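Structure first, commentary second.
Quick note: the coordinates plus some simple rules give every number you see, no bench work behind them. Because the structure is a prediction, the values reported are computed rather than measured. Neighbour counts run over all protein chains shown; Cβ positions are idealised from the backbone, glycine included.
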């Protein structure tokens, strides 16, 4: 948490320094501070009670609405609780909920496995797509001789600041069978939103693999056949993938743009003088210099995409044929619509662990590459 | 020098720049067109939308321009004015609360020394990474236990507490020099006076940035209302009300009304965005971290 020379706050919390992120704090604060030098870490008010008086209200709220809920989630995940009665009137059942999710044959495990499969394919498409497109757009926008930068930047960023539910509904409207996407695309009408066909299955069909090999339908993992595991995202999920990519490009483009602007022009010019082509300069100079920012964007993307919920809820509520259920959606569905709250809590704890691992890795790696 | 390079061949000029514009304009269309189409379609008849899904004008053959969609915004099941009112109330109060609480805690963390401060800060850093969806069930339980379920209080109060907001305010206050506090103390100001009269005004850019980010985040919030007011449709916010619209209509979706609803949800934030764009851009890295 060091202060940069320009009075910029480096990366919030996680990393000690967020490489090339735009300054969160405007220059106004240090300017207002006048010529006084910034000194930090010095105790100010002697009375320690005062510090607690200032922090207590926020702390109590965070404890009640964030910290204690984590403990409660962990606690109920070991109980036999439907969600309909008070959790205090329930029985301790050890790891049974986790067992049901991971090892015990049955619909609970199959649903969980499907949610992981769906979310995995979602991540597999969204993260590379949003990162690449955001990067390419940022590189083009970073061209010094371009006019109308502000307009382009604003229009790309705009979807990112709007309500996820509102843009999801607009996308559902566009992707209807009789909607704009089908009208614009030069193919025959595609049923997007109610289409459970896996993209990889469809691709296999195109190269003549109509029938899956028997071993792939007779064997499986976690209650889902191998053939189903390799299905790819369903067409419906693919529409959600496009939607989320569309909404998140703008944010990541701004992060890339800030990173690109911190590369001194002289670096590019030196490459040109040395005879590098534009593409060579891009690939051998710009991309390596942007590595920390790319890494930051990819990990942020990984953390966010494993939590996808709003778009799932508002598009198809997990359908068709469970091809858009995700762990986050299952947490909601199992507890609030299916009376399996303890099971949902176990999913929540597993998801929390995964996200915490990603976050931890990100903070560690940013710390170690922060100076690049 | 710059002018010279601008005109020199090979410097982003010619067909390459043209190609750049083609890509940029294509994507600008991709990002803007859906909103334009939603706006136009709000004023079309349903058969018109069905027959001409991409047309940017109303077809007189299908009844031309109409206010049917707008009239549908306030009915038995679609209660956009009520939801907009709820969204406004929730956003204003929760934002004020969040900014106030975060300022207090951020100031304490940045400028005061007291036992347990390090632990408190470590806790905030950990809580920053906890995704909201993980806490759905226990939050619901706590609201129920506190008797806040299906009430404005339950809708608003939990949104006031945000680890990220505290973190951000701590960063802002850390930039202010300690000497100001010392000077205020010498002048006989109490700690509270120092905070409200000296430090808060100086942290104004930070307060504005946090306010803008909070307004946007709380206005768009979906998860929390979803669990806080499950049995009180009259307390729904715009995102919650809209999300449940599709289910309530089944096959025949009144798209002109739904799209008008999405625009009513979008426009206030769009206005805030265009007025305070600078703060959004600066806050990107921050919100990105929040995920």
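I need the semi-axes of the equivalent ellipsoid of region B:140-272: take the C-alpha gyration tensor, multiply each eigenvalue by 5, square-root it, list largest first in whole angstrom. Before the final figure, lay out each step's value.
Values: eigenvalues 340, 72, 19 Å².
Three semi-axes, in Å: 41, 19, 10.
How do the peptides A:53-62, A:143-152 rank, highest first, by the average count of neighbouring beta carbon atoms within 10 Å per residue?
Working: A:53-62: 20.2, A:143-152: 13.7.
Order by mean packing, descending: A:53-62, A:143-152.
Using only the Cα atoms of region A:295-361, build the gyration tensor, take square roots of its eigenvalues as a ≥ b ≥ c, and label the shape rounded, prolate or oblate: rounded if a/c is under 1.5, else prolate if a/b is larger than b/c, else oblate. Present the calculation step by step, with values, prior to reporting the outcome.
Values: a/c = 3.25, a/b = 1.45, b/c = 2.24.
It comes out oblate by the Cα gyration axes.
Which residues does the label zone of residue A:145 cover in region B:19-37, counting backbone N under 13 Å from a point 7 Å along Cα→Cβ?
Of the residues in region B:19-37, B:19-21 have backbone N under 13 Å from the label point off residue A:145.
Note the full-extension length gain between residue A:207 and residue A:82 as 0.36 nm times their separation in residues minus their Cα-Cα distance, in nm to one decimal. Intermediate results must be reported in sequence, preceding the final value.
Values: separation 125, 0.36 × 125 = 45.00 nm, distance 4.68 nm.
Contour length minus Cα-Cα distance gives 40.3 nm.
For peptide A:299-311, what's the mean number of Cβ atoms from other chains within 10 Å of each residue's Cβ? Numbers along the way, then the final one.
Values: counts 1, 6, 2, 1, 6, 4, 1, 3, 6, 1, 7, 8, 1.
Partner-chain Cβ atoms within 10 Å, mean over residues of A:299-311: 4.
Place the peptides A:261-270, A:204-213, A:172-181 in order of packing, highest mean first, counting for every residue the other Cβ atoms within 10 Å and averaging per peptide.
The packing order, highest mean first, is A:172-181, A:261-270, A:204-213.
Using only C-alpha positions, report the orientation-averaged shadow area of the convex hull of region A:39-140, nm², one decimal. Numbers along the way, then the final one.
Details: hull surface 55.7 nm².
In nm², the orientation-averaged hull projection of region A:39-140 is 13.9.
Per 20 Å bin, what is the whole-percent P(r) computed from every C-alpha pair distance within chain A?
21, 49, 27, 3
With only alpha-carbon atoms in the gyration tensor, what are the semi-axes of the equivalent ellipsoid for region B:40-118, in Å, largest first? Spell out each step's value before the answer.
Working: eigenvalues 527, 46, 14 Å².
Semi-axes, largest first: 51, 15, 8 Å.
Is there a simple number for the mean count of other chain Cβ atoms within 10 Å of the Cβ of residues in B:263-275, and what is it? Numbers along the way, then the final one.
Working: counts 3, 1, 6, 8, 2, 0, 5, 3, 0, 1, 6, 2, 0.
Shielding by partners across B:263-275 averages 3.
What does the helix-only formula give at 222 nm for chain A: each DSSP H stretch with n ≥ 4 adding -39500 (n - 2.57), the total divided by the residues, and the result rounded to the nearest 500 deg cm²/dmol?
Working: 17 runs with 210 residues, N = 372.
Value at 222 nm, helices only, nearest 500: -17500 deg cm²/dmol.
Sort A:284, A:201 so that the residue with the fewest other Cβ atoms within 10 Å of its own Cβ comes first and the one with the most comes last.
Details: A:284 13, A:201 19.
Lowest count first: A:284, A:201.
For region B:230-279, just list the percent of Cα-Cα distances falling in each 10 Å bin from zero outward, please.
Going out from 0 Å in 10 Å bins, region B:230-279 shows 22, 40, 26, 10, 1 percent.
Projected area of the protein assembly as shown, taken from the Cα convex hull and averaged over every viewing direction, in nm²?
33.5 nm²
Could you give the semi-axes, largest first, of the ellipsoid that matches region A:185-275, computed as the square roots of 5 times the alpha carbon gyration tensor eigenvalues and rounded to whole Å?
Details: eigenvalues 362, 69, 48 Å².
Ellipsoid semi-axes (Å, largest first): 43, 19, 16.
Cα centroid distance between region A:314-364 and region A:173-225, in Å?
Each part's Cα centre sits 24 Å from the other's.
Taking square-rooted eigenvalues a ≥ b ≥ c of the alpha carbon gyration tensor, is chain B rounded, prolate or oblate, where a/c under 1.5 means rounded and, failing that, a/b exceeding b/c means prolate? Walk me through the intermediate numbers first.
Numbers: a/c = 2.58, a/b = 1.29, b/c = 1.99.
Cα axes put chain B in the oblate bin.
Taking a ≥ b ≥ c as the square roots of the eigenvalues of the Cα gyration tensor of region A:84-130, is the shape rounded (a/c under 1.5), prolate (a/b larger than b/c) or oblate?
Details: a/c = 3.73, a/b = 2.26, b/c = 1.65.
The shape class here is prolate.
Over all residues in B:47-55, what is the mean tally of Cβ atoms on other chains that come within 10 Å of each residue's Cβ? Kindly include the intermediate steps, with their values, before the conclusion.
Values: counts 0, 0, 5, 3, 1, 2, 10, 7, 2.
Mean inter-chain Cβ contacts per residue within 10 Å come to 3.
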